[in-house]
Structure formats: C-alpha cells, structure tokens
Amino acid sequence: MNLKPINDRVVIKPAPAEEKTKGGIIIPDTAKEKPQRGEVVAVGPGKEGKPVSVKPGDIVLYGKYAGQEFTLDGEDYLIMREDDILVVLES
C-alpha cells in the first residue's frame, strides 16, 4: 500500500528498541524506552507554499512522545508534523 500524507505530515518507521545494554544485560519489554530515531518513509507536499524539508530515506530524531502510532501490513509507523522532527542525521 502506498502512503501519501497530507500537508506537512511525515510518516516515519521507528528504529527497533534496544534489546541489550552496552554491558550485555537483556532489557525486558516492560523497561524498553520508546525509540526516538527512525527513517522517513513518506512526506506530504508541505503547507502554505512551504515544502517539507525532509525526504524519504532520511534518518531523523524526534521527540519521545511525538506523533501518532499506527500499524499497516504488520509494520509499525508514526505519523507526525514536520515540526516534531528535531534533527536529520547525515552520514
């Protein structure tokens, strides 16, 4: 299925939550932090003549409680406004 967000909305596929600490301790599901990093999957056309500044494939950081979660075809996604994205990571 093709996703086409409206206005300045962005669809993000969150990175998986960490399974282990750096010391090798396994983190139980109840203690895992929500990921704050993900990959942009789809972007809207922008709002009020201002285009969206991220593009599909960008890796971004966003606020801990930003966006609305949804599941499509068994995959988890977030949809949020472009303003909720804090940083685009560049390699």
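Please report the net charge: other residues with Cβ closer than 11 Å to the Cβ of Met80, K and R +1, D and E -1. Present the calculation step by step, with values, prior to reporting the outcome.
Values: positive: Arg9, Arg81; negative: Asp8, Glu69, Glu82, Asp83, Asp84.
In short, -3.
Filter the chymotrypsin sites (Phe, Trp or Tyr not before Pro) in the range 48-85 to those in DSSP coil with at most 16 other Cβ atoms within 10 Å of their Cβ, and list the result. All intermediate terms of the calculation are to be shown ahead of the outcome.
Working: sites: Tyr62, Tyr65, Phe70, Tyr77; in loops: Tyr65.
Of the chymotrypsin sites (Phe, Trp or Tyr not before Pro), the ones in loops of the range 48-85 whose Cβ has at most 16 other Cβ atoms within 10 Å are Tyr65.
Full extension from Glu48 to Ile26: what is 0.36 nm times the residue separation minus their Cα-Cα distance, to one decimal in nm? Let's see the in-between values first.
On the way: separation 22, 0.36 × 22 = 7.92 nm, distance 4.70 nm.
The span from Glu48 to Ile26 would gain 3.2 nm if fully extended.
As an exercise, use a Förster radius of 22 Å and the Cβ-Cβ distance of Arg37 and Asp83 to find the FRET efficiency, rounded to the nearest 0.05.
Working: r = 17 Å, r/R0 = 0.79.
After rounding, the FRET efficiency stands at 0.80.
Residues in the range 44-81 near a label at Asn2, defined as backbone nitrogen under 16 Å from the 7 Å Cα→Cβ point?
Correct set: 44-45, 56.
Each reported figure results from applying straightforward, stated rules to the coordinates on display, with no laboratory input. Note that the coordinates shown come from a computational prediction; the quantities given were computed from them, not determined experimentally. A quick note on method: Cβ atoms are made from the backbone with ideal geometry, for glycine too, and the neighbour counts reach across all protein chains shown.
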